[in-house]
Every structure is written in structure tokens, then in C-alpha cells.
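Report on the structure given below.
The values are calculated or read from the model by the stated rules, or taken from the named source; none is laboratory data. Nothing here was measured: the structure is a model prediction, and the numbers come from that model. Positions of Cβ are backbone-derived with ideal geometry, glycine not excepted, and every protein chain shown enters the neighbour counts.
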Amino acid sequence: MPFSYVSHLYCPKCKKEYSPKEKHQLCECGSPLLVAYDLERLKDNLSPEDVQSREPNLWRYHELLPVEDPKNVVSLGEGMTPLIKMPKLGKEMDIPNLYMKDEGIIPTGSFKARGAAVGVSKAKELGVE
């Protein structure tokens, strides 16, 4: 089973496609690129139980991240953060089921840590120094 089911990069503006195995920053039209995954193939090879049995960190979802080789994973332990029910604030805002993520418990204390971990790992995989 592959570590990642990344299929390709694509431009949401002009629809041009790019390989995820090469360095890209923007489409030639200037638009940011998005990542596509082979979800049809993934659904035949991964179950919710598989994911639930893994360690509670960002990389438990590696099939849906663009890093294709686990040796390129760079991590500070970005993991699961709890959803905290906010009934008082929810009542004030007329949102009966308001929850907030507590990002303060991850090593960097920032929601940006997950994206940075994936970006740095993919950059490592592509040989960016």
C-alpha cells in the first residue's frame, strides 16, 4: 500500500496539471496549485479502523498528504488537539454547538504547525535545501 495517494497537482484557474514529483510553486498562469489524490484507489485500501488504530498525530492521515516516502517526514510531534465545547460563547453568538480547537497544546502552539510539517517534509522529498 502506498504511503500517499497523491495523484497530481492542478491549477484551479486554467486546469493545467503538474507532477507531484517535481518542484512547483505556482502555475504558469500565476495561480497557486492544489493537490489531487486518487480517492477511488484509496477507498479500496484504507478503512476508518486502519486510521483509528494509528498513533494520534498528523501523519496518521499520511495517505491524504503529499509526502510519498515516510523517510522524508519531518515532525515536531504535531498531533491531535481537542475540540472544546463553548456553550456560553455559543449562546451569546446564537450558535448552539460552538466548539473551538485548542492549538496551544501542540509543540509550536500554532495551527500553522501542521501545514509547515507537511510543507517541509515535501520540500525535503523534492531535494529543496
**Message:** If I filter region 24-45 for residues that are closer than 30 Å to Met1 by Cβ, in contact with an Asp or Glu (Cβ under 8 Å, 6 or more places away or on another chain), in a helix (DSSP H, G or I) and modelled with pLDDT under 95, do I get at least one hit?
**Reply:** no
**Message:** Tell me the residue from Leu58, Leu83, Leu98, Leu76 that is in contact with a Gly (Cβ under 8 Å, 6 or more places away or on another chain) and at pLDDT below 95, please.
**Reply:** Leu58
**Fill in**
Within region 42-96, the count of residues that are closer than 23 Å to Glu125 by Cα, free of Cβ contacts under 8 Å to residues at least 40 places away in the same chain and among the polar types (S, T, N, Q) comes to 1
**Asked** When residues of region 49-63 are filtered for being closer than 15 Å to Tyr37 by Cβ, exposed (fewer than 15 other Cβ atoms within 10 Å of the Cβ) and either within 8 Å of the chain's Cα centre (by Cα) or of a type in the set (Asp, Glu) (or both), how many remain?
**Response** 1
**Item:** Subset of region 14-43 (residues that are under 20 Å from Asp69 (Cα atoms) and of a type in the set (S, T, N, Q))
**Value:** Ser19
**Prompt:** Any residue in region 19-42 that is touching a helix residue (DSSP H, G or I) at 6+ places or on another chain (Cβ under 8 Å) and aliphatic (A, V, I, L, M)?
**Reply:** yes
**Asked** Could we say that Glu22 is closer than 22 Å to Gly127 by Cα, of a type outside the set (A, V, I, L, M), more than 17 Å from the chain's Cα centre (by Cα) and loosely packed, with under 12 Cβ neighbours inside 10 Å here?
**Response** yes
